[in-house]
Amino acid sequence: MVETADLRRKGRGILRVVGIDPGMALLGYGIVTDADTPRALAYGVVSTAAHLRPEQRLVSLYEELLRILQQWQPEVVALEQLFFARNVTTALAVGQARGVVLLLCGQLGIPVVEYTPAQVKQAIGGYGRAGKRQMQEMVRLLLQLPEIPQPDDAADALAIAICHLHHLRSPWIEESHEHAPDAS
């Protein structure tokens, strides 16, 4: 886990997290700060046209995500981990979109943390098997938004960003991280 202190920029005491719900057709993103209460700065989706060849779609994701990351200059990107999917084609496309995110963050020097869907549900809804509607409502409440963020991919990305903020604030996580045995 990346330490909070390592992620704060000089002169700006607030951490910006970009949550990303990867996908080839729709890649959800949400920018959240860790002010006294989490606050959404922006959210939405990057969409690619189905008629484009896969390599063109990946370039489109890369270019739009680059614009977003340069505009918002996050200290960290929180990315949903790929989990086993029944549809192998979908899993491969999501994996390719994740690759674009990882490559771009590596090029820009932005640390990436990853969370499973169950970890996100646990952090946001208090239950690792929370339903989609419950998760969306919790995102709305936690960010004090007037309505549930749309589309679903954007709400999911906001949930991933909030999950990371919750992990940073957890005394157990910080304590266990500080006392981890030396790997050398």
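Data table
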{"quantity": "Point-to-point label distance, residue 137-residue 35, nm (Cα→Cβ direction, 7 Å offset)", "calculated": "2.6 nm"}
{"quantity": "Potential extension, residue 148-residue 127 segment - 0.36 nm per residue separation minus Cα distance", "calculated": "5.6 nm"}
{"quantity": "Global form of the stretch 37-123, assessed from the alpha-carbon gyration tensor, a/c cut-off 1.5", "calculated": "oblate"}
{"quantity": "Cα-centre dipole for the stretch 61-129 with unit charges at Cβ (Lys and Arg positive, Asp and Glu negative), debye to 20", "calculated": "300 debye"}
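Bear in mind that the values in this text are calculations on the coordinates, not laboratory data. All of these numbers come straight from a predicted model, not from anything done at the bench. Reconstructed Cβ throughout: ideal geometry from the backbone, glycine too, with neighbour counts over all protein chains shown.
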